[in-house]
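Everything below concerns the one structure shown next.
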Amino acid sequence: MLVKTKAIVISSLKFQEKSLIVKCFTLSNGLKSYFVRDAFSSRKASQKIAYFQPLSILEIEAVHKNKGTLENFKEIKIAVPFQSIHTDIVKSTMVMFLSEMLHYSIQEEEKNELLFVFLETALTWLDHHDEISNFHLILLLEITKYLGFYPDVSEIDLPYFEINDGVFTLFHGLTALTEHETSLFKKLIDLKFDNTEKVFHVIERQILLKILIDYYSFHLDGFKKPKSLDILKEIFS
């Protein structure tokens, strides 16, 4: 079946000497993996590889056989030409980390238009703004809305957040955050991308990042801690 759709690049893996296996989150079909033959051997190799940088937003035409095998692109072009994401060291490190998080979080070939539109809007915002120190934290928390485990905030005034159940509670259970961690988490829940106040110190952002990774680990089977986490910490230290 010939499909035309937008697609966000989640990962690309070199295969043998000249080819790539590219995993994309598509608007039309959810998660799909594609085989790009001779990505490193043609005259246009650099142009081809540039398409597949982490979280690039593409317009693709592809043949989908839907048999659980690798699919094939027919045509590719950039849908949203980023101005700063892949050239700014902080932003590029952030999207490398976020692409890894998405790689382990979006696990099924299932259409999720709302998540796609949210990611496209968020990445466009990132490209056009400079105050981004909390962007990855807000994004990771917001993504849980679309993956089905956003915190239940109906009892948000209670002092502890229980990671396992995703609820606020009166008692400090085994998998609950401390009162201080819960207070930071509540502040994060109230944040929007365009909030430019210095809400968190470096250490507090690291605490929140650990909380979010633990939260994802509890709620997603097969989730792994991203390898780029240490690089991200270095950039924001």
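Between residue 189 and residue 156, what length in nm is gained on full extension when 0.36 nm per residue of separation is reduced by their alpha carbon distance? If you can, show how the numbers build up before the last one.
Details: separation 33, 0.36 × 33 = 11.88 nm, distance 0.99 nm.
Difference between extended and current length: 10.9 nm.
Given 0.36 nm per residue, what is the gain on full extension from residue 67 to residue 165 after removing their alpha carbon distance, in nm?
My answer for the length gained is 31.7 nm.
Each part reduced to its alpha carbon centroid, the stretch 181-237 and the stretch 53-94 end up 25 Å apart.
DSSP finds beta bridges in the chain, and of those with both partners inside it, around 95 percent are antiparallel.
Overall, the accessible surface of the chain at a probe of 1.4 angstrom is composed of carbon and sulfur to the extent of 51 percent. Taking GluC sites (Glu not before Pro) as exposed when DSSP calls them loop and at most 11 other C-beta atoms lie within 10 angstrom, the chain has its longest site-free stretch at 18-107.
Here the convex hull built on the C-alpha positions of the chain has a volume of 129 cubic angstrom per residue. Between residue 17 and residue 49, the modelled labels are 1.5 nm apart [label points 7 Å from Cα along Cα→Cβ]. If I take all pairs of Cα atoms in the stretch 127-237, what percentage of them are more than 23 Å from each other? Result: 27 percent of Cα pairs exceed 23 Å.
Solvent-accessible area of residue 28, all protein chains in place: 40 Å² (probe radius 1.4 Å, heavy atoms, ligands and nucleic acids excluded). I need the calculated FRET efficiency for the pair residue 33 and residue 179, taking r as the beta carbon distance and R₀ as 45 Å, to the nearest 0.05. E(calc), rounded to 0.05, equals 0.55. Kirkwood Rh over Cα pairs of the stretch 53-93 into Stokes-Einstein at 10 °C, 1.306 mPa s: D in µm²/s? This corresponds to a translational diffusion coefficient of 131 µm²/s. Residue 74 contributes about 120 Å² of solvent-accessible surface, heavy atoms of the protein only, 1.4 Å probe. For the chain, the solvent-accessible area with a 1.4 angstrom probe is 53 square angstrom per residue. Run a plain Debye calculation on the stretch 8-116 (Cα atoms as equal point scatterers, no solvent) and give log10 I(q)/I(0) at q = 0.11, 0.20, 0.23, 0.24 Å⁻¹, rounded to two decimals, same order as the q list. These q points yield log10 I(q)/I(0) values of -0.33, -1.15, -1.48, -1.57.
Using heavy atoms of the protein chains and a probe of 1.4 Å, the accessible area assigned to residue 124 is about 40 Å². With the helix formula -39500 (n - 2.57) applied to DSSP H stretches of n ≥ 4, the chain reaches a computed 222 nm mean residue ellipticity of -12000 deg cm²/dmol. Taking the Cα of residue 59, stepping 7 Å toward and past its beta carbon, and measuring to each backbone N in the stretch 1-15: which are under 11 Å? The answer is 5-6.
Computed extension length for residue 210-residue 172: 11.8 nm, one decimal, from 0.36 nm per residue of separation with the Cα-Cα distance subtracted.
Using a Förster distance of 35 angstrom, determine the FRET efficiency expected from the C-beta separation of residue 1 and residue 131, and round it to 0.05. Display every interim value, and only then the final one.
Numbers: r = 43 Å, r/R0 = 1.24.
After rounding to 0.05, the efficiency reads 0.20.
Close amide H pairs (under 5 Å, H built 1.01 Å from N) link residue 11 with 23, residues at least 5 positions away or on another chain.
Quick one: net charge around residue 217, please, counting Lys, Arg +1 and Asp, Glu -1 for every other residue with C-beta under 12 Å from its C-beta. Intermediate values should be presented prior to the final figure.
Working: positive: 210, 224, 225; negative: 214, 221.
That works out to +1.
If every alpha-carbon in the stretch 55-174 counts as one equal scatterer, what log10 I(q)/I(0) does Debye give at q = 0.12 1/Å? Relative scattering, expressed as log10 I(q)/I(0), comes to -0.61.
The values are calculated or read from the model by the stated rules, or taken from the named source; none is laboratory data. What you see is a predicted model, and the numbers here were worked out from it, not measured in a lab. Ideal geometry is used to build each Cβ from the backbone, glycine not excepted, and the neighbour counts take in all protein chains shown. We work out accessible area using only protein heavy atoms, side chains counted, and drop any ligands, DNA or RNA first. Shrake-Rupley method; radii C 1.70, N 1.55, O 1.52, S 1.80 Å.
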